[in-house]
Amino acid sequence: MQRIMRLLKSFIVWICFIPVAILNGGLREYVLVKFIGEETALPVSGILLSVFIFLVTWLMLPRLVKGCLAIGVCWALLTAAFESAAGITGGSTITEILAAYNPSTGNLWVLVLATTLLSPVLLKMFKQI
């Protein structure tokens, strides 16, 4: 029962990533692109989203004793699945969705996924110090 509650709490924290990511996309499209250009706005947005994900994790994830890596893996899988489903629903092709995983295009989606994966583990490490 305790394990189920921990997973439920972590899922609620992950749900909070969705509006943060949407707001970050709006910031990129309506502010950053105008001031620094699309080529620079994309990686800056990826870095900002990674920071925001870590901050949400820091603020909302309860003290963790076990399962940090499992939570991170679940979050990363949920994030990749959500992003793929949103892309397909929005009319993107699989090729376009997979292109987001190539950092040489300026898209730092891989950094965002790595942050999502590692935030619970890093949080546990920082809170033990």
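The values are calculated or read from the model by the stated rules, or taken from the named source; none is laboratory data. Everything numeric in this text was worked out from a predicted model, so none of it was measured. Quick reminder, even Gly has a Cβ in these numbers, built from the backbone with ideal geometry, and neighbours come from all protein chains shown. Heavy atoms of the whole protein, side chains included, go into the accessibility calculation; ligands, DNA and RNA do not. Shrake-Rupley method; radii C 1.70, N 1.55, O 1.52, S 1.80 Å.
Things worth noting here:
- Test: residue in the range 4-21 that is open to solvent by less than 20 Å² (accessible area, probe 1.4 Å), of a type in the set (A, V, I, L, M, F, W, C), at pLDDT below 95 and not in a helix (DSSP H, G or I): no
- The set of residues in the range 105-129 that are open to solvent by less than 30 Å² (accessible area, probe 1.4 Å) and not in a helix (DSSP H, G or I) contains only Gly106.
- Pairs meeting the criteria (first residue in the range 10-30 and closer than 26 Å to Val121 by Cβ, second residue outside any helix (DSSP H, G or I), beta carbons under 6 Å, at least 6 apart or on different chains) are Val13/Leu61.
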